[in-house]
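One structure, as C-alpha cells, below. Some questions next.
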Amino acid sequence: MEGWKEGKGNEPSQIEEGEMMNAETITLEEFMKGDYESYEYVKGELISMSMPTMEHGGISSNIDILLGTYVRQHQLGRVYIAETTFSIGSSGRKPDVAFVSQARIPENIRQASPVPPDLAVEVVSPSDAFYDVQEKAFEYLDAGTKMVWVIDPVSKTVTVYRSRNDIKILTRNQTLTGEDVIEGFSCLVAEVFE
C-alpha cells in the first residue's frame, strides 16, 4: 500500500509502497469530514488504497449491477460503490461495494456514513495480503456489518463472512445469496466474474 508523508511546508508528498503517513494531526472525525480520495483511515494512519485493475473494476461493477438492480427493484436500501466512506469502529473504510438497508440510511447523505454497511464487499487486489484482507473483514463484522463478501479474482471464489466462526467459501458453480441481509437476492458466483 502507498501512503503520504509530510513534504515541503506541510504539503503531503508521495512515499514508497508499503509506508503509511503518520496521522497524528488528523482524527477519525476529521477524516470522515475531509476529502481523502483513495485513502482509508486505519489505526490512526492514512492508508493509500491500491489502484484498481480493470479486472478489479469489472468485478466491482458486476456486483454493483447485480446487487443494485435487485435492491432498487425491491426498495431495500442503497448500494454504494468505492470511495464511499463508512465509519468502521475506529477506522474510516471504503469497501468496493456496500449495501445499507433503508432503515439504516443516515439522514444526512452529504457526508461519510457514520454507520457501517449491512454488507461490505471487498475485491482482493494483487497487492493485498491474505492476513490484511481477513483482518479487514473482521473489522467490518466487529463494527456491526452483518455480512462481508471477499471476492478473489484468482481463485474465482467468494468468501462469505458472517462472524469470526461462520465463514464459508463459495466456488464458481455455487450460489451466492444475500441471506437475511438482502433477502431474496441470489446469483451464481460465476456471474460475479463474467
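The values are calculated or read from the model by the stated rules, or taken from the named source; none is laboratory data. Small disclaimer: the values here were computed from a predicted structure and weren't measured. Because the Cβ atoms are built from the backbone with ideal geometry, glycine has one as well, and the counts that use them run over all protein chains shown. Note: accessible area is taken over every heavy atom of the protein model, side chains too, but ligands, DNA and RNA are not part of it. Shrake-Rupley method; radii C 1.70, N 1.55, O 1.52, S 1.80 Å.
On the basis of being acidic (Asp, Glu) and over 15 Å from the mean Cα position of the chain (by Cα), does residue 179 make the cut?
Against the criterion (acidic (Asp, Glu) and over 15 Å from the mean Cα position of the chain (by Cα)), residue 179 qualifies.
Now for a different question. Can you tell me which residue within segment 136-171, out of those that are among the small types (Gly, Ala, Ser) and touching a strand residue (DSSP E or B) at 6+ places or on another chain (Cβ under 8 Å), is nearest to residue 86 (Cα to Cα)?
By that ranking, first place goes to 143.
Something else now. Please enumerate the residues belonging to segment 47-59 that are in a helix (DSSP H, G or I) and open to solvent by less than 20 Å² (accessible area, probe 1.4 Å).
Matches in segment 47-59: 56, 59.
With the requirement that a residue be open to solvent by 20 Å² or more (accessible area, probe 1.4 Å) and in a strand (DSSP E or B), what does segment 61-78 give you?
78
If we only count strands (runs of 3 or more DSSP E) wholly inside segment 79-177, which ones have 3 or more residues that are farther than 25 Å from residue 26 by Cα and open to solvent by less than 40 Å² (accessible area, probe 1.4 Å)?
Of the strands (runs of 3 or more DSSP E) lying wholly inside segment 79-177, those with at least 3 residues that are farther than 25 Å from residue 26 by Cα and open to solvent by less than 40 Å² (accessible area, probe 1.4 Å) span 97-101, 119-123, 147-152, 157-161.
Further question: Filtering segment 184-194 down to residues that are outside any strand (DSSP E or B) and in contact (Cβ under 8 Å) with a residue 40 or more places away in the chain, which residue is surrounded by the fewest Cβ atoms within 10 Å (Cβ to Cβ)?
If we take residues in segment 184-194 being outside any strand (DSSP E or B) and in contact (Cβ under 8 Å) with a residue 40 or more places away in the chain, then 194 is surrounded by the fewest Cβ atoms within 10 Å (Cβ to Cβ).
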